[in-house]
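Quick note: the coordinates plus some simple rules give every number you see, no bench work behind them. Note that the structure is a prediction, hence the values are computed from the model and not measured. Reconstructed Cβ throughout: ideal geometry from the backbone, glycine too, with neighbour counts over all protein chains shown.
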Amino acid sequence: MIEFFDEENDFKAGALVCIDKDLDWTSFDVVKKVKFGLQRKFDLKKLKVGHAGTLDPLATGLVIICTGKGTKQIDKYMGQTKEYICTVRLGATTPSFDMETEEDNQFDYKHITRELVEDKLKEFIGEIDQVPPTFSALKINGVRAYKMAREGEEFEIKSRKILIHEIEILNFDNPSLELRIVCGKGTYIRSIARDIGLALDSGGYLTALRRTAIGDFKVENALTVDGFLAKLSDF
């Protein structure tokens, strides 16, 4: 999906591109690929390109890319409601709250039932306090938290208010829990996985994550990076 902000159909004047990010790519990888493709296609020495919200390398799904003067609208898209489909592994934890790091603790999970999960998930609806992962891009005294975490440094990340609109169980096959989550800006789904495990008197970490929507933009209407580069031949 490509939308232009004026009638010129000009990426330099401003365009929005919806990309379905591949696994193991960073959001910046997507930006670099799109930018390089556009510069090569239109012989541009300079072109502003940015993304409206980071998606972890171990996640797939919707990334909004803005080009040219359209980069001025990035903050607007970053503030919109987002939808995710995720899978949580109950009964264990990892330092990163996902599969970037190895399991460090195991817990009993046989007591967890669908009814218990449904009851505990009610506590996550609305405005809640959330502590972001130490393995995150947040800056602590000017240094990315994940860099400090990987070096074994000890530091504290303060909790913040986030807004959860909806949480729906898509599948429960203990210890695997698949959820659809609709949330506001600044939400870490990895932290939700950790907190759900704690609420269930067990552990939990993220094993799969896919962003399916940002505001009215849907991943089913997005292009892969390769699909976008191929579509450039139409311009």
Sparse-neighbourhood loop hits (trypsin sites (Lys or Arg not before Pro), the stretch 1-84; DSSP loop; Cβ within 10 Å at most 12 others) -> Lys45, Lys46
Between Asp201 and Ser233, the two model label points (7 Å from Cα along the beta-carbon direction) sit apart by a distance in nm of 6.1 nm
Of the listed links Lys21/Lys122; Lys45/Lys218; Lys33/Lys72, those spanning more than 27 angstrom between alpha carbons are Lys21/Lys122; Lys45/Lys218
Residues Leu38, Leu198 in order from fewest to most other beta-carbon atoms within 10 Å are Leu198, Leu38
Mean separation of Cα contacts under 8 Å (at least 6 apart) over the residue count of the stretch 163-235, i.e. the relative contact order in percent, is 17 percent
Computed over the chain, the relative contact order (Cα-Cα under 8 Å, seq sep at least six) in percent reads 27 percent
